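The structure appears below as structure tokens.
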């Protein structure tokens, strides 16, 4: 696959936007910073007289963006100029919680309050009592993980395991293939794919720019299979919809492999040459994955599984695009591995359009010299003191760390940025309880007045993509982009890098002999790219070969050099201990003694086979909405209108049993808590499964808390990921009394 | 619902005020790429007995339409059901700031035409633009411009643009009309040859189809495309493999012209045209099973009502139209499930901008007329 990918063009083309601005206006490249695989290149038109951005559109020159944007970013102007933006630093007056009140203060006052707290906390409890909390509010290299990390490294603050989204899938990929990703889904479709499987991927809503590629391929005869327990916009365009019960995909994949091997359709040459442990897997593990048993566990008819397996085995030009829903189950590490090894058995990795991938995250993000970006050498930050963001609830509320031990010192100061911690975390009721602690100082750097701000002592105004410089590396394609600010920051908002430069100054961290806190954004981006010219460097990032800063800025985007000889895995070997694709992976068992070295199916805790289902019979899938990503787009009027209330999809049978009608307000509850949604009855949804939106704004949800109140803080089998989909509930029609009670009780 | 009043949605930076979210925002997209501006009629002059030159002026602070020569706008005036499409008659570079010129021909019985009966200077007019893809190409090939009726406007704009760009290419401009009385701008167009690059030719050739035999007209006669074929193509003045054709006018003229040129060996990729489609052409239809809900089509809507988000389509009437369309009430939608897009053919002006804008190829005039809705409410 990686040997000689067909390039779109040279990695950088000399492109001058063909779209001419109206008189008095200019057009600028901006890269979409939001948590989405597409990482679009946008063209922003600015009125040069008023300095205001007036419109956005997709960059027609960008090979993935292709001149159009998604329904969210098409309304970006309304996000930037939004009445719900935090414009100035604020200090809370009165109690923490949903109705907290704030008054405006100056930046200087705000920074003094924060750094004073840092200093006192460090003196009294040690620097590990300061806990940073951040995630994917922006996915820019600078805003996500550069200057902030330098600051925390210098402070020697507590570490944060940023595992809330993709870790199980990422580790499944790293354990199995090393640092290696397959082709982009759109490129695979374009380059001759004949059978494509979108596995748990609703790309219409979560990566729409791949859809035209897929459509075109379908028009020339590519067969599209979608594996998803739900009915989505994506399942509606497929040729074949397979609906396994949630959390059983490993059984489905292994049963497919058994069919392939039993029919002698497996690519023995590929398996021998490129993989490790396949024969043992076939002999010891596969026998129990019979079609009969597979039908029982997955709910998919044996004949359907057999047909899919045989078609897949016979179609070398086949590609699997899995998505991160798969990695939100308790048993998801192994589930992701089982899906990822399928192309080893039909040998599709040898095809330009072949293989399997969740995206391009591992290579695009982990080939960087993080030491250079984040400067761990600035301090001696303890490895041991780490909080998993999935378990921030128990860390804040119950003072418990990842190993189950008491946190010593406890978290005394919490600094939140790039994240709506009050809504995005599992067991969010517990998180809010912890944030409400009187002895906890909380600072929040935010673009919008999120629910998290309501628990802050100090709220700092953050900017948007139009107001800052950053460099973006897509996690779902091979493209990177760079953007310079188009407009002045609104109000007194400040970008992430500048914020941490300011904090560093106040903390006296700036050393005149070290540029850690004085490097400009431009210098840092150049540093990232200069790696390419330093072939002797230890961490030379092969993906930056041939990309230079000036061209990148001029064009707005470039293609990573995937045709580098350094990533010819089929010929050079894979970046794993065995130098092969590890169907058997001893490293997993070393790290997690209870986990098999083979991708086996283990029934999901709080899943379809859990005895708890007798009490809570419905499994909740809280997947990405079409209308927002995290909190930010929920303040855009158009998008708020289109998803004005949280909904829950129910099967006809489950609804009937509970006397629930379409549009009814219903209560979802389990031992962790309760939330409310409006019922949408879906003909064809599996019984025993319901689906709702992830991260709906709690304060716009009846009762005040979104679906995350129902989650435990349980981790996945490996990868330390959250188990957002391992949630069992009962559902009932809500009475008015119930809603009033929930409201009276407040949030916690 | 009693709990709604408790939802806090902070406003104006300080999250102290409580506001409800149950008021329904306008479902129509605000960030449209096709701007809908308010303007006034600045002047209205006769070009011929039935053709007017209309100049309208937008407010000073209106965002300028980012249009190029060859594009068109829709105009709507009070008392008219539907906006009408008219090409900009000048290159944007030739216009005064915020002003837009149109050549409008009165058609007997036409709604807009009746409006032209009176002098409308100073009256309000709604303009939405830019629309269309007709434009001057970048080649050095001979330009063959063929216009009929009020198709003069777009081609005039293209020729003006060519002058602004100081192109180095020959240009043959054939204008088809019925009689001498239908001709306008003849002097101006004839004089263009003085501004044209000296090493290249500019010819303006009016061709009359119904001029009485005994009149004093000593110019070209017949149908404009036949005239071009017989006197230019066949005589080798223009060569089929090194010309670009620009057509603007009534669809039959364009169809005939395109056929002639195609037979003479002009590649389809060398022919550019903007047909004035009307309600006789099929309105595009959205296949919601292909739609990815990206809002791109909503951003190029020329009128508020042409593409609507429906909760429900009423029963089909005998004439193939829907008895009623229930629009989404955004405050109470369930988002994705009800968001079915529907093109109301009574409101559609046949600009096909949505067809071009759709990245998923979900909009086409060719689909089965019955739109597919994704989900009906399931009664339990």
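Where a number appears in this text, it was derived from the coordinates with a stated rule and is not lab data. Fair warning: this is a prediction, and the values are worked out from it, not measured in the lab. When we count neighbours, we look across all protein chains shown, and the Cβ atoms used for this are built from the backbone with ideal geometry, even at glycine.
Among A:298, A:50, what is the fewest-to-most ranking by other Cβ atoms within 10 Å? Spell out each step's value before the answer.
Working: A:298 28, A:50 12.
Neighbour counts put them in this order, fewest first: A:50, A:298.
Peptides A:281-291, B:202-212 ranked from most to least packed by the mean count of surrounding Cβ atoms within 10 Å: B:202-212, A:281-291. Summarising the label geometry, the points placed 7 Å from Cα in the beta-carbon direction at residue A:589 and residue A:515 lie 4.9 nm from one another.
Quick one: work out Rg over Rh on the C-alpha atoms of region B:217-278, Rh as Kirkwood radius. All intermediate terms of the calculation are to be shown ahead of the outcome.
Details: Rg = 11.9 Å, Rh = 12.2 Å.
Using only Cα positions, Rg/Rh for region B:217-278 is 0.98.
Taking 0.36 nm per residue of separation and subtracting the current Cα-Cα distance, fully stretching the chain between residue A:687 and residue A:26 would add 232.6 nm.
Entry for region A:615-720 at q = 0.13, 0.22 Å⁻¹: log10 I(q)/I(0) = -0.49, -1.25, Debye formula applied to identical alpha-carbon scatterers, no solvent contribution. Rg and Dmax of region A:179-278, both derived from C-alpha coordinates alone, stand at 15.1, 40 Å.
The fraction of all Cα pairs in region B:109-163 landing in successive 10 Å bins from 0 to the largest distance is 16, 36, 31, 14, 3, given as whole percents. A Förster radius of 30 Å combined with the Cβ-Cβ distance from residue A:613 to residue A:292 puts the calculated FRET efficiency at roughly 0.85.
According to the Kirkwood expression over distinct Cα-Cα pairs, how big is the hydrodynamic radius of region B:76-215, in Å?
Working: mean 1/r = 0.0591 Å⁻¹.
One decimal place: 16.9 Å for the Kirkwood radius.
Taking the Kirkwood radius as the inverse of the mean 1/r across Cα pairs, report the Rg/Rh of region A:449-590. Write out the running numbers ahead of the final one.
Working: Rg = 20.2 Å, Rh = 18.8 Å.
Over the Cα atoms of region A:449-590, Rg/Rh equals 1.07.
Give me the one-decimal Kirkwood hydrodynamic radius in Å for region A:594-647, with the sum taken over alpha-carbon pairs. It would help to have the intermediate numbers written out before the result.
Working: mean 1/r = 0.0682 Å⁻¹.
Across region A:594-647, the inverse of the average 1/r is 14.7 Å.
Kirkwood analysis of region A:324-483, using all unique Cα-Cα pairs, places the hydrodynamic radius at 19.3 Å. Between residue B:268 and residue B:230, the modelled labels are 2.9 nm apart [label points 7 Å from Cα along Cα→Cβ].
Hey, any idea what Rg/Rh is for region B:41-85, computing Rh the Kirkwood way over Cα pairs?
Values: Rg = 12.7 Å, Rh = 12.8 Å.
Taking Rg over the Kirkwood Rh, I get 0.99.
Can you sort A:108, A:451 from fewest to most other Cβ atoms within 10 Å of each residue's own Cβ?
Numbers: A:108 11, A:451 27.
Final ranking by Cβ density, sparse to dense: A:108, A:451.
Fewest-first ordering of A:690, B:58, A:336 by other beta carbons within 10 Å of each residue's beta carbon gives B:58, A:690, A:336. Can you compute log10 of I(q)/I(0) for the protein assembly as shown with the Debye formula, treating each Cα as one identical point scatterer, at q = 0.04, 0.09 Å⁻¹? Calculated log10 I(q)/I(0) at the listed q: -0.24, -1.12.
Distance in nm between label sites at residue B:215 and residue A:652, each 7 Å beyond Cα in the beta-carbon direction? Result for the modelled spin labels: 7.1 nm. Counting every alpha-carbon pair across region A:397-448, the share separated by more than 16 Å comes to 47%. Relative contact order for chain A: 20 percent, from Cα pairs under 8 Å spaced at least 6 residues apart, divided by residue count. Between residue A:104 and residue B:344, the C-beta separation translates, for a Förster distance of 41 Å, into a calculated FRET efficiency of about 0.30.
Over the whole of A:67-75, what's the average partner chain Cβ count within 10 Å per residue? Rounded to a whole number, please.
Values: counts 3, 9, 5, 6, 8, 2, 2, 8, 5.
Counting Cβ atoms of other protein chains within 10 Å of each residue's Cβ and averaging gives 5.
Over region A:553-637, the fraction of Cα-Cα pairs per 5 Å bin, rounded to whole percents and listed from the shortest bin up, is 3, 9, 9, 8, 8, 12, 15, 15, 11, 6, 2, 1, 0.
The per residue volume of the convex hull around the alpha-carbon atoms of region A:429-471 is 93 Å³.
Per-residue mean of foreign Cβ neighbours for B:352-361 is 3 (Cβ atoms of other chains, 10 Å radius). What's log10 of I(q)/I(0) for region B:163-211 at q = 0.24 Å⁻¹, Debye sum over Cα points only, no solvent? Debye output, listed in q order: -0.85.
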